[in-house]
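S.K.: Dropping the structure in here first, questions after.
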Amino acid sequence: MKRMAAVLISMLLGLSLLGCQERGQDETGGGQASRSAPDFEPLNETVDGRRNIYLIVKNLDSSYWQVMIDGAKAGGDAFDCNVYFSGTYVETDWKGQERLLDAAVEAGADAILLAPDDSVLLSEKIDELYQSGGRELAVVLLDTMANTDSYDVCYMTDNLMAGQQAAQEMIAQLKKSGASDSDSLQIGLQLGAASSQTISERLAGFFKYWSKNAPESWEVIPDIKCNDGYLDKAVECAEELLEYPNLRGLFGTNNSSTRGFARVVREQERRDIVVVGFDYSDDIAALIQDDTYRASTILQKQYEMSYAGIEAALKRLDGETAPVKFVDMGVIVVNSDTIGQPEVQEALKHN
């Protein structure tokens, strides 16, 4: 039965992601954002003669990406280089990132730090820049892998493992809330962008653990919601899922999804719902710090990703080759039981 359930979930996941991707393209013009990606701005004081590093993030309106920008600024100050930043306003605007990549090269970038909006559609541009730039241009990926080997190193979360941790946390918190193995309960899922390899890996990890460990009567709602990185849309998706009568849990695969779930659960005072998400924001913090709710989040280390990315780019420009292409920065599970721990408090300083 578990094997059949796993196959069924995989089929439903594929159909849901396809529908999500199609809806996102209809609403954003095939990945185009309603607001164009802005010009690059300096993150620190620019000094002639220093190397120039350009950071491109996925969503300039997101608290998650602001933390990554802060890490890049700290890295620029620590390692004596000029750092410029820009990004898109929605995580499906890969065309906007494509234009920013060209603009960074034209501006004389020595290195580019990129968090790709689309792991597939941006690969050709990354190949082009990496190969045409010879070894004069360092390329570091952050947060999200692209379907190419044309980069020097990638700093990110092992998202397959993080997805499994999220499923483990969901099952544990549901049982702590009083759910029994015989209950016919449902959990709802929401993601930010179907085109992100990061999200796909988190979902794959989640379903892998869930299909092996969740009771047979616990169901994942097939209608996986997608918000394209918009918080207001994430709120709408949360409201729709909360209408399911047997809903007991909500899993948000990224920052916007988690914020949408946390905000609506708090507004509707749904203390019967377990929320498990990714990243840290005022919305999820409010639930975690209120012991009348049951909420958890998988805290990533995006500050450290960009800080390490700055250092790695400069080393590559000095002729050093990264010993590995992928560096897992690790995650921390934050809930009401762990939030007071020294390791968690240290990690939260940057969030």
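S.K.: Do you know which residues across the stretch 89-144 are among the aromatic types (Phe, Trp, Tyr) and in contact with a Lys or Arg (Cβ under 8 Å, 6 or more places away or on another chain)?
M.R.: Answer for the stretch 89-144, where residues must be among the aromatic types (Phe, Trp, Tyr) and in contact with a Lys or Arg (Cβ under 8 Å, 6 or more places away or on another chain): just TYR89.
S.K.: Might you check whether a residue that is farther than 30 Å from THR88 by Cα, at pLDDT 95 or above and among the β-branched types (Val, Ile, Thr) occurs anywhere in the stretch 240-262?
M.R.: Checked against the condition, which is being farther than 30 Å from THR88 by Cα, at pLDDT 95 or above and among the β-branched types (Val, Ile, Thr), the stretch 240-262 yields no hits at all.
S.K.: Something else now. If I go through the stretch 231-265 residue by residue, how many of them are surrounded by fewer than 24 Cβ atoms within 10 Å (Cβ to Cβ) and farther than 24 Å from SER180 by Cα?
M.R.: Result for the stretch 231-265: 9.
S.K.: Can you tell me which of (1) over 22 Å from GLY71 (Cβ atoms); (2) assigned to a helix (DSSP H, G or I) is the one ALA104 doesn't meet?
M.R.: (1)
S.K.: Here's a follow-up. Name the strands (runs of 3 or more DSSP E) wholly within the stretch 113-214 that hold at least 1 residues that are closer than 17 Å to THR258 by Cα and modelled with pLDDT of 95 or more?
M.R.: It comes to 186-191.
S.K.: So which residues in the stretch 45-64 are farther than 18 Å from ALA138 by Cβ and surrounded by 15 or more Cβ atoms within 10 Å (Cβ to Cβ)?
M.R.: Correct list: LYS58, ASN59, LEU60, ASP61, SER62, SER63, TYR64.
S.K.: Only one of TYR244, TYR303, TYR293, TYR307 is of a type in the set (Phe, Trp, Tyr) and under 15 Å from the mean Cα position of the chain (by Cα). Can you tell me which?
M.R.: TYR303
S.K.: Being of a type in the set (Val, Ile, Thr) and farther than 28 Å from ASP328 by Cα is the filter here, so list the residues in the stretch 175-219 that pass it.
M.R.: Residue satisfying the conditions is ILE187 alone.
S.K.: I'd like the full set of residues that are under 24 Å from MET145 (Cα atoms) and hydrophobic (A, V, I, L, M, F, W, C), limited to the stretch 44-81.
M.R.: Across the stretch 44-81, the qualifying residues are ILE53, LEU55, ILE56, VAL57, LEU60, TRP65, VAL67, MET68, ILE69, ALA72, ALA74.
S.K.: The conditions are (1) assigned by TED's automatic domain parsing to the domain that holds LEU142; (2) over 30 Å from ASN52 (Cβ atoms), and GLU239 fails exactly one of them. Which is it?
M.R.: The number of the failed condition is (1).
The values are calculated or read from the model by the stated rules, or taken from the named source; none is laboratory data. In this text the structure is predicted, and so the values were computed from the model without any measurement. Here the Cβ is made from the backbone with ideal geometry for all residues, glycine too, and neighbour counts use every protein chain on show.
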